[in-house]
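Here's the structure, in structure tokens; my notes come after.
Here, each number is a calculation from the coordinates, and none is a lab measurement. Predicted model, so just to flag it, every value in this text is computed and none were measured. Note that we place each Cβ from the backbone using ideal geometry, even for glycine, and neighbour counts take in every protein chain shown.
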Amino acid sequence: MFMNSKTINNLWREMDGFRTEVDRLFGRPVLGTAAAAAPALNVWEDEAAFYVEADLPDVAPDKLDVTVKEGNRLTLSGERKSSEPANAVWHRQERFAGAFSRELTLPTPVDADKVEARFEQGVLKLTLPKSEGARPRKIVVKAE
């Protein structure tokens, strides 16, 4: 059975909805704890590069590690310190604290030496230029 990207996206959406409902029922993350720990990402591309934005509130930039390996495997890891108020009685605790790691495989290789990373208002913004071999090329057709 062949599953296209639309079918896979719908499946992920259904699974995420189920996880959200179970978490809501218990008042805290129960299923998909790793998903709760990993930062939310936006990823898109144009002809020249991939762009990644990761929500990382309360994460210090010096606690972030961004690596590209094997040409197209991006890994974001770091740590968010927990806040433990003295004498607190928790009613709800949804914000993850502790170490996290998130890896994604990009469709084509990137030039790791030219990756740019900026941290603005709790959002990590990455620009990952595609390697020359992965960029689209216009081929001129010659007529005889």
>> I'd like the Karplus ³J(HN,Hα) series for the range 97-110: coefficients 6.51, -1.76, 1.60, θ = phi - 60°, whole numbers in Hz, and an x wherever there's a Gly or Pro.
In response: 10, x, 6, 9, 8, 9, 10, 9, 9, 7, x, 9, x, 10
> Given a Förster radius of 30 Å and the C-beta distance between Lys125 and Val22 as r, what FRET efficiency does 1/(1 + (r/R0)^6) yield to the nearest 0.05?
Replying inline: 0.40
> In the range 86-123, which trypsin sites (Lys or Arg not before Pro) fall in coil by DSSP and have 12 or fewer other Cβ atoms within 10 Å?
Replying inline: Arg92, Arg95
> What FRET efficiency do you get for Leu11 and Glu144 if R0 is 41 Å and r is their Cβ-Cβ distance, rounded to the nearest 0.05?
Replying inline: 0.20
>> How big is the dipole moment of the range 76-117 about its Cα centre under a simple scheme where the beta carbon of each Lys and Arg is +1, that of each Asp and Glu is -1, and everything else is neutral? Debye, nearest 20, please.
In response: 280
>> How far apart, in nanometres, would the label points at Asn87 and Leu41 be if each is projected 7 angstrom from Cα along the Cα-to-Cβ direction?
In response: 4.4
> Taking Lys130 as the anchor, which lysines have their alpha carbon closer than 25 Å to its alpha carbon, excluding any fewer than eight residues away along the same chain?
Replying inline: Lys6, Lys69, Lys114, Lys138
>> I want the local charge near Asp58. Using Cβ-Cβ distances under 9 Å, sum +1 for each Lys or Arg and -1 for each Asp or Glu among the other residues.
In response: +3
> What ratio of Cα Rg to 2.2 N^0.38 Å holds for the range 40-144?
Replying inline: 1.47
